[in-house]
Amino acid sequence: MEPSFFPPSQERNLEGWPDWSILVVDDEQGMLNFLVKTLAPRCHFVMSASSAEDGAQWLRGHHVDLVILDISLPGKSGVVWLKELREQGFTGEVILITAFADLDTAIEALRAGASDFILKPFRVPQILNAVKHCYERSRLRRENFVLRRAVTSTPGRGALVGQSPALQQLRQSIARVAPVNSTVLLQGESGTGKELVARELHALSSRASGPFVPVNCAAVSPELIESELFGHAKGAFTGATRARDGLFHYAQGGTLFLDEIAELPQPIQATLLRAIEDLNIRPVGSEQLVPLNLRIVAATNRQLSDEVAAGRFRKDLYFRLQVVDLTLPPLREHKDDIAELVAHFIAQLAPSLGVEPLAISEPEMDFLRQYDWPGNVRELRNLIERSLILGTLNVSALYPGVARPADGGAAPSQPTDLHTLEKMHILNVLDSVQGDKTRAAQLLGVSRRTLERRVAEWNSL
Ligand SMILES: Nc1ncnc2c1ncn2[C@@H]1O[C@H](COP(=O)(O)OP(=O)(O)OP(=O)(O)O)[C@@H](O)[C@H]1O
Ligand SMILES: [Mg+2]
């Protein structure tokens, strides 16, 4: 793989995205050449790869802001690879390209986490526009953390569902710890609600009106994490064409949530410890110390003491972080809460999916209580979401080969697709049927009324 760098300076005044690194993956050399030629003068760096495997190899060692990905690749398909990338925590933008105008593929692509979807053949303005949209979206996401918090969290009241002794105790600890300014370490298996608790701690703290800034330590590349966290001065390293604020800066006055803290590279562990002890940071390449006014909440699904014992995590940082240590119970230890959680997720998800709520029978609920929930509350939430889409409790996913207890295993109804379609794709469908809403609703598998309601919602935004 030969990387393609920014070309000579006379082309630099094109409109573009000078701080973006882009990876293009396509098995057609002609398409790669076209994309590299179009994008390279407009961004920091373009790398091309002709298979998912080559692309994955590049991503392992490098920071990438945008992946432009062909769907039909030899070996692993673009969609399959994208799903894997998202599971591995890749949070960058992804534009999928394909020669086949197939609605199912488009839906699957969006479900897999694509930001945009364009059809071949396309012209230069189309791809530039798509990249521009991704760039704008990512910039807004980065800068407007306050808005993000307002959208995603329900401060203070009822965020955490469950009346079991374990949950009552957790709630009491949160109420006690939230107003105090000390650093909090959240430990618990995956899906137990660590991020939810972090948001709750923020919402109940004196900094509730400030930003809540989540950082996934596992998803930032080790070379860039210092500048991501602390920011950098102009010219601090190759490619730092201008000064940039770090995530600590965006969290000032609020809470910085360091998720997956066990994955923090060792050299940064030392820097973070100093920042917490001295309450100031120094952006990379800068002389200036910036005083900190924020609260740090860290989380991990590993046993951090084991990481310390294994020499992978600094002991002094561990002690510094676990001034207050909250451990979240796995769902199998508070199964009393399952019924309430199920009701909560149905009430929360049905309206946003545009489907009818689901009635769960007692035998079905017993099924749910017998299961061990290795993926904890997230697994339960996902099950309810799938079941709402299918219109029937989808227990067969938990117990392969077992019929539904309620009616002996009726075939599930067709999935409803509307919830996964982003506006653009609904518009694409409408386009493909010349604006015929009845036909578009049929293709999308929803009622015409639901479709109209969704369109009206956008129009009122
Ligand atoms: N007690 C609860 N009440 C309501 N929702 C919950 C509860 N616990 C977890 N959830 C929901 O379950 C999902 C998973 O929770 P969250 O993302 O906070 O888990 P996590 O511990 O951060 O997992 P991971 O370690 O995999 O990142 C979220 O949708 C969250 O809102
Ligand atoms: Mg989490």
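Can you sort His62, His232, His202, His44 so the residue with the fewest Cβ neighbours within 10 Å comes first?
His62, His44, His232, His202
So if I place +1 on the C-beta of Lys and Arg and -1 on the C-beta of Asp and Glu, and nothing else carries charge, what would the dipole magnitude of segment 195-270 be about its Cα centre? I want it in debye, nearest 20.
Around 380 debye, computed over segment 195-270.
For segment 275-306 and segment 351-378, compute the distance between their C-alpha centroids and round to whole Å.
39
How big is segment 272-390 along each principal axis, measuring the range of its Cα positions in Å and listing the largest first?
That works out to 62, 35, 20 Å along the principal axes.
Here, each number is a calculation from the coordinates, and none is a lab measurement. In this text the structure is predicted, and so the values were computed from the model without any measurement. All Cβ positions, glycine included, derive from the backbone under ideal geometry; neighbour counts span all protein chains shown.
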